[in-house]
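For reference, the structure discussed in these notes is given below.
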């Protein structure tokens, strides 16, 4: 009897073990199917995005687990932890997953994708995986999910234009220095059909054949600079030691882009690329055509920019008198004002407002002194330049003489176009130095002596 009970107990244990093993295997197998992921309601948006995507015939684990038994085992453990966190209410609502390139490139998926050659990403836009994958772009080694990601709401693993525009345009475009035509045509073709612009059918062919820069007409097709704000790092990091590493751009991209999957938009501001519709007069900033304006007045006022003369900031600059302190009189152009607008100009009345007793007299003395010194310096420069031609013919010209003459001309131009009244002391010193350098440049026997 006892032997029979022991035998029955062993059979029962074996049956239970087989049932438990079978159920465990069935449960484990069920976890391979996307339907299991949907049992947690927080996964509904991701499941729906997957179900409507081109990957809806591919199981979740085929992408989220890299090939190999070890990776699958690690993935299952991680999944169990997530299930426990969900049922205990301790899950993080900010979901994050990394998909390795090995998952994408596994046999039967995209292992032959790179050798298929160029494709048309969108109408007229060419793309070749071989030119991006496995290579460094701007010193950054990309991975599959650098471009194919979950950024697009409701679309699983879609290509995001944000990444393309950030990589191709950041630091490469501005409103004053158009890129050559090849910069644009390297990604997309020009329209080889008539484009309707208001009541005109426009043909690009002639201009493309003549090598005209696309930006001559489309200067405003890119919006944004893709800059990184100081607070961007604080979204994930709080350790001061980590924050100090932000200046090491190479290391930052290696860790966030190549080694891990961090979306570009988490750090960089958006760059947009499109052809805007002109609905009124163009809104362009002064810098589009007028680059680095008022450099002379600014340098002269701050007492910098001269050669061979120590910096001498103006007294008004030292006490922080702003431009509008003197330039606050509206100047109109009479009947032409409606088209030309108006400007702010200075004058003796501005000096008198702050210095009523002697402002006008000082302004008159300054302007007359500067005019006289400019005229005298111009004569000295012209004489020196004529003498330089003679010395060149005699073979007595050298780099030292040329440098002196260049310095003299530079100081003269700075005062002339910087308006000497912005800094009378510095201006007179610069003009005196200019005359001395001009005289020394053509003195005998050598400029050095």
| request: Determine which single condition residue 192 fails, assuming it passes every other condition in (1) under 23 Å from residue 122 (Cα atoms); (2) touching a strand residue (DSSP E or B) at 6+ places or on another chain (Cβ under 6 Å). | output: (2)
| request: Please go through the range 36-65 and pick out each residue that is part of a loop (DSSP other than H, G, I, E, B), free of Cβ contacts under 8 Å to residues at least 12 places away in the same chain and within 22 Å of residue 90 (Cβ to Cβ). | output: 38, 39
| field | Residue satisfying all of: in the range 275-306; part of a loop (DSSP other than H, G, I, E, B) and modelled with pLDDT of 85 or more; surrounded by the most Cβ atoms within 10 Å (Cβ to Cβ) among these | value | 306
| query | Among helices (runs of 4 or more DSSP H) lying entirely in the range 159-240, which contain 1 or more residues that are touching a residue at least 60 places away in the same chain (Cβ under 8 Å) and surrounded by 10 or more Cβ atoms within 10 Å (Cβ to Cβ)? | reply | 161-169
| Restricting the search to the range 110-131, which residues are surrounded by 12 or more Cβ atoms within 10 Å (Cβ to Cβ), assigned to a loop (DSSP other than H, G, I, E, B) and at pLDDT below 80? | 110, 124
| Residue tally, condition in contact (Cβ under 8 Å) with a residue 24 or more places away in the chain and not in a helix (DSSP H, G or I), over the range 378-432 | 4
| task | Say whether the condition of being out of contact with any strand residue (DSSP E or B) (no Cβ under 8 Å at 6 or more places or on another chain), closer than 29 Å to residue 323 by Cβ, modelled with pLDDT of 95 or more and buried (at least 20 other Cβ atoms within 10 Å of the Cβ) is met by at least one residue in the range 375-384. | result | yes
| message | Any residue that is within 21 Å of residue 298 (Cα to Cα), touching a strand residue (DSSP E or B) at 6+ places or on another chain (Cβ under 8 Å) and in the same structural domain as residue 424 (by TED's automatic domain parsing) - is there at least one of those in the range 361-373? | response | no
| note | Pairs returned, first residue in the range 248-277 that is within 21 Å of residue 100 (Cβ to Cβ), second residue that is at pLDDT below 85 and assigned to a strand (DSSP E or B), beta-carbon separation under 6 angstrom, 6 or more apart or interchain, are 253/140; 257/140; 258/141
| said: Against the definition (outside the structural domain of residue 149 (by TED's automatic domain parsing), outside any helix (DSSP H, G or I) and either modelled with pLDDT of 70 or more or within 30 Å of residue 159 (Cα to Cα) (or both)), how does residue 71 come out, yes or no? | reply: no
| request: Tell me which residues, restricted to the range 20-50, are surrounded by fewer than 16 Cβ atoms within 10 Å (Cβ to Cβ) and at pLDDT 75 or above. | output: 44, 45, 48
| query | Is it true that some residue in the range 321-335 is modelled with pLDDT under 90, under 16 Å from residue 426 (Cβ atoms) and within 43 Å of the chain's Cα centre (by Cα)? | reply | yes
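Table: residues versus (1) modelled with pLDDT of 80 or more; (2) over 19 Å from residue 137 (Cβ atoms).
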position: 188; (1), (2): yes, no
position: 198; (1), (2): no, yes
position: 204; (1), (2): yes, yes
position: 208; (1), (2): yes, yes
position: 211; (1), (2): yes, yes
position: 214; (1), (2): yes, yes
position: 239; (1), (2): yes, yes
position: 244; (1), (2): yes, yes
position: 266; (1), (2): yes, no
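The values are calculated or read from the model by the stated rules, or taken from the named source; none is laboratory data. Nothing here was measured: the structure is a model prediction, and the numbers come from that model. Ideal geometry is used to build each Cβ from the backbone, glycine not excepted, and the neighbour counts take in all protein chains shown.
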